[in-house]
1. For region 196-235, enumerate the residues that are under 19 Å from the mean Cα position of the chain (by Cα), open to solvent by less than 70 Å² (accessible area, probe 1.4 Å) and under 23 Å from P184 (Cα atoms).
2. Does region 94-101 contain at least one residue that is assigned to a strand (DSSP E or B) and either under 23 Å from R36 (Cβ atoms) or among the basic types (K, R) (or both)?
3. What is the number of the single condition among (1) without any contact (Cβ under 8 Å) to a residue 40 or more places away in the chain; (2) of a type in the set (V, I, T); (3) not in a strand (DSSP E or B) that V74 does not meet?
4. Among the residues of region 129-149, how many are over 19 Å from G90 (Cβ atoms) and out of contact with any Phe, Trp or Tyr (no Cβ under 7 Å at 6 or more places or on another chain)?
5. When you scan region 102-115, how many residues do you find that are part of a strand (DSSP E or B) and farther than 10 Å from M79 by Cα?
6. Could you run through region 27-41 and say how many residues are closer than 12 Å to V74 by Cα and surrounded by 16 or more Cβ atoms within 10 Å (Cβ to Cβ)?
7. At negative phi and touching a Ser or Thr at 6+ places or on another chain (Cβ under 7 Å): which single residue out of Q13, Q28 fits that description?
8. Farther than 22 Å from L227 by Cβ and among the charged types (D, E, K, R), is that true of R14?
Amino acid sequence: MPKTSRDWEKLAQRDPYYAVITDARYRQATMDDAARQAFFQSGEDHVERVFALIQSELDIDFQPDRALDFGCGVGRTLMPLARRSAQVIGYDVAPTMLAEAGKICANHANIMLVDGDFAAVPGQFDLIHAWLVFQHLPVRYGEAITRELLGRLSDDGIAVLHYTYRRRASWLRRWGYHLRVAVPPVHHLLNVAAGRPFDDPLMQANCYNLNRLFAIIQGSGCGELLLRFTDHQGLGYLGVVIICRKRLDTSL
């Protein structure tokens, strides 16, 4: 299991909902019914916005037969995707996340959960959704996964992919972050200094080169793109949602 996968499993074991959305309301120790409802409603609202955008800008009749929720976590967006698709595959590297998702999605017969090697995920997809996932992957690995995902997109299929591309922080803070990634003992010592457990995993937050992403997307046969920017003000990151359609005919 890659180190990032092991780290994500540790995060899932300690605080699965907070690991998905870093909001104090979703700390496992204090999360109440109202916070839990808000957590899953945020997934419903997100999927509603995604489909509204696709149907208004790309395909008014879009309704996927097979959908993939890559990095599905505890199932925040799985259930709303399942209500709009004939079948949904939820994939995550953290078994603890999928165990929680399995409890939550138990009544949805059209949801299949897969962990471990992504090669075990079967077939092609009309919709591929990856939200709040890629920033937590090392960039070169995330680029490789992007190629693999788009290779699973069916003709006229649509991918909804979210990336962070810039951090609004001083050079010192950016340098400090890269040091924590490259030299794990530095991260452990800073954990102690901040009052966290020594072995608390680092939740990576990496920025992607948009030129490289566009080259990957175009090279994968996606001829139509929609872009929407995101601003993670509390964390200082600028992001972009890339909605791309696999269509070879790009004539205007």
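The values are calculated or read from the model by the stated rules, or taken from the named source; none is laboratory data. Fair warning: this is a prediction, and the values are worked out from it, not measured in the lab. Here the Cβ is made from the backbone with ideal geometry for all residues, glycine too, and neighbour counts use every protein chain on show. Areas reflect the complete protein model, heavy atoms only, side chains present, ligands, DNA and RNA absent. Shrake-Rupley method; radii C 1.70, N 1.55, O 1.52, S 1.80 Å.
1. P201, L202, M203, Q204, A205, N206, C207, Y208
2. No: zero hits.
3. Failed condition: (1).
4. Final tally of qualifying residues: 6.
5. Summing the residues that are part of a strand (DSSP E or B) and farther than 10 Å from M79 by Cα in region 102-115 gives 3.
6. Selection size over region 27-41: 2.
7. Of Q13, Q28, the one residue that is at negative phi and touching a Ser or Thr at 6+ places or on another chain (Cβ under 7 Å) is Q13.
8. Details: farther than 22 Å from L227 by Cβ: yes; among the charged types (D, E, K, R): yes.
Here the answer is yes, as R14 does meet what is asked.
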